[in-house]
Amino acid sequence: MTRVGLIGFGYWGPNLARNISETAGLQLAAVVDARPERLELATRRYSGAVPLTDPAALLDRPDIDAVVIATPMSTHVDLAKAAIERGKHVLVEKPLAPTAREAEMLGELAARAGVCLMVDHTFVYTGAVRKIRSLVDAGELGAMLYLDSVRVNLGLFQHDSNVVWDLAPHDLAIVDYLIKEKPVAVSASGSGPAGYHHESIAYITLHFASGFLAHLHVNWLAPVKIRRMLIGGAQKMLTYDDMEPSEKVRVYDKGVAFDPSDDEQRRRLLVSYRSGDMYAPNLDRQEALQLLTREFADAIRQKRAPLTDAASGARVVRLLEAAEQSLRAEGRRIAV
């Protein structure tokens, strides 16, 4: 049994605590939060977990085998580093670190210490994204052409980061998981309301050597919550709507074929459109966070790298860094 200490019982911490407590092989042994009211709530829900106000007190406990970090991004590196140096397995809320260099450093430390370092890229574990990955791997969509994503809602404004660092990690992790080819450049543009010092609206484009294009729209100022993605292939296309209660993924037998064989190909190009059936594949309905905490437990037990390991966390942070650089350079392409 892996005894887990959770640092942070704010917005996301309670979700992690619930799934840790329900995962075979894990035991929620302690919860850390500096706010008395949050610690009181955690104690009421998990009477077997030791309440602590100081992360250092948790990290120094020899009976804690693993640490889950659900705190602001600025604290991730110091907490994860201290836990790894004490020989503890670590699960960190996204993004892994403020810089790719620090993310890679944490990965190297974990590898040397022989402990598991995992990033909470929750959407990678959803039934919808895993089904899309199986369709891509099976070649059902054909050659990949584009991915277009919209992730918008009203709030929550963050005091220590902009909308790119808050919302885009989800979609960047999905792209990293679905597309084997890695981007060669990133460009981004964004803006914020007058008087606010962080971008609340941003458009991010990932450029690939093959011509594949991924475009992400993230926004804290939308009147509705939208979580929608379009993926186009040469053979089929699909939509992924995370707000859809039943048919989250729909696959369309639609496409375009270009025929340059005509004698007048220099002057015109023949285009044929194909429009066939649509179907909604069955999806695994298990909660993504439950699969994530199970993967954490299995990776520890089997002494292997988890699906969303430190390397994937570093790749996502590298893209976030490039998007931030592009924002500051008026949308210029940044090589990655």
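Nothing in this text is a laboratory measurement; each read-out follows from the coordinates by a stated rule. These numbers were taken from a predicted model, which means no experiment stands behind them. Note that each Cβ is placed from the backbone with ideal geometry, even for glycine, and that neighbours are counted across all protein chains shown.
Using every Cα-Cα pair within the chain, state what percent have a distance larger than 24 Å. Intermediate values should be presented prior to the final figure.
Values: 33224 of 56280 pairs.
For the chain, the share of Cα pairs beyond 24 Å comes to 59 percent.
Based on Cα atoms of the range 84-242, Rg over Rh with Rh as the Kirkwood radius reads 1.00. What the Cβ-Cβ distance of ASP148 and GLU181 gives, at R0 = 22 Å and to the nearest 0.05, is a FRET efficiency of 0.85. For the range 307-330 versus the range 7-28, the spacing of their alpha-carbon centroids is 27 Å. In terms of the mean number of neighbouring beta-carbon atoms within 10 Å, the peptides 84-92, 103-111, 319-327 order highest first as 319-327, 84-92, 103-111.
Distance between Cα centroids, the range 187-228 to the range 280-301: provide it in whole Å. Rounded to whole Å, the Cα centres lie 28 Å apart.
Let me know the shape class of the range 116-159, please: from the alpha-carbon gyration tensor, a ≥ b ≥ c as square roots of the eigenvalues, rounded when a/c is under 1.5, otherwise prolate if a/b is greater than b/c, or oblate. Because a/c hits 1.5 or more and a/b fails to exceed b/c, the range 116-159 counts as oblate. Rounded to the nearest 500, the helix-only mean residue ellipticity at 222 nm of the chain stands at -10000 deg cm²/dmol, with each DSSP H run of n ≥ 4 adding -39,500 (n - 2.57). In terms of its Cα atoms, the range 1-129 spans 39, 39, 28 Å along the principal axes, sorted from long to short.
Pairs from the list LYS81/LYS131; LYS94/LYS254; LYS180/LYS303; LYS248/LYS303 with a Cα-Cα gap above 31 Å: LYS81/LYS131; LYS94/LYS254; LYS248/LYS303.
Can you give the FRET efficiency for ASP277 and THR99, using 1/(1 + (r/R0)^6), R0 = 30 Å, r = Cβ-Cβ distance, to the nearest 0.05? Spell out each step's value before the answer.
Values: r = 47 Å, r/R0 = 1.56.
Taking R0 as 30 Å, the efficiency between ASP277 and THR99 is 0.05.
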